[in-house]
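Enquirer: After the structure tokens below, expect a handful of questions from me.
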Amino acid sequence: MEKIQISIIIPAYNAEKTIGLTLHSLFAMKLKERFEVIVVDDGSTDKTKEIIAGFKDVKLISQDRKGPGAARNTAIKQAKGNYAYFLDSDCEVISDTVEKLYTYMQKDEKIGAVGGSIELPPTEKNILAIADHYASWYHHNPRQRSGKVRSTPTANLLVKKEVFDKTGYFMTGVTSGEDVDFGMNVK
């Protein structure tokens, strides 16, 4: 059997409204490489775990609430792939996204991480989500040239697993900003 090349890692906390769409989008991807999907339920109190359990090809890991950085770290340590693709539990992947990121990384062995932009749905009404989206452009404006971005969001990020040996894992004990910290360490 062919080795798993990419481990798709999703931290989830009270994501019952979105995790199903996220997982459906992953299994509809056009990806040539063999992959696994790992979702870390970070102490959800809603039906997140039950929804995830309905996907037979998803590895579900449950832990007490520790935050997204700790959830990603838990998954990285159990991941079988040579690459870790990070996605948030409220995101849908365009069918060729991971394939494009992976293909780009194969161009140069010095590339340790590559990310893509994230877009809000045009119907988004939550003012906090909209403000967070635009504020985050300071660190990862998708219109900047490759190599010029300060960091990339973990809602769409592919990382060689060996990078963690050099940079360490995600910051824990916080509920946001761990992806910016990690991205700056990688850079």
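The values are calculated or read from the model by the stated rules, or taken from the named source; none is laboratory data. Everything numeric in this text was worked out from a predicted model, so none of it was measured. As a convention, Cβ positions derive from the backbone with ideal geometry for all residues, glycine included, and neighbour counts pool all protein chains shown. In case anyone asks, the SASA skips ligands and DNA or RNA and just uses the protein heavy atoms, side chains included. Shrake-Rupley method; radii C 1.70, N 1.55, O 1.52, S 1.80 Å.
Enquirer: Tally Lys and Arg at +1 and Asp and Glu at -1 over the other residues with C-beta under 13 Å from the C-beta of Ser25: what net charge comes out?
Expert: Neighbourhood net charge equals -3.
Enquirer: Okay, moving on. Using a Förster distance of 25 Å, how high is the FRET efficiency between Lys30 and Ile4, based on the Cβ-Cβ distance and rounded to 0.05?
Expert: Numbers: r = 17 Å, r/R0 = 0.70.
Once rounded, the FRET efficiency stands at 0.90.
Enquirer: Starting from the 7 Å offset along Cα-to-Cβ, what nm value, one decimal, do you get for the label separation of Glu50 and Ser62?
Expert: Taking the simple label geometry, Glu50 and Ser62 are separated by 1.3 nm.
Enquirer: Within the set of other residues whose C-beta is less than 15 Å from the C-beta of Lys80, count the net charge using Lys and Arg as +1 and Asp and Glu as -1.
Expert: Counting the neighbours of Lys80, the net charge comes to +1.
Enquirer: Same structure again: How would Arg72, Arg65 rank on accessible area, largest to smallest, probe 1.4 Å?
Expert: Values: Arg72 5, Arg65 120 Å².
Largest accessible area first, the list is Arg65, Arg72.
Enquirer: Number of Lys pairs in the range 9-70 with C-alpha atoms less than 21 angstrom apart, excluding same-chain neighbours closer than eight positions?
Expert: Step by step, the pairs that qualify in the range 9-70 add up to 14.
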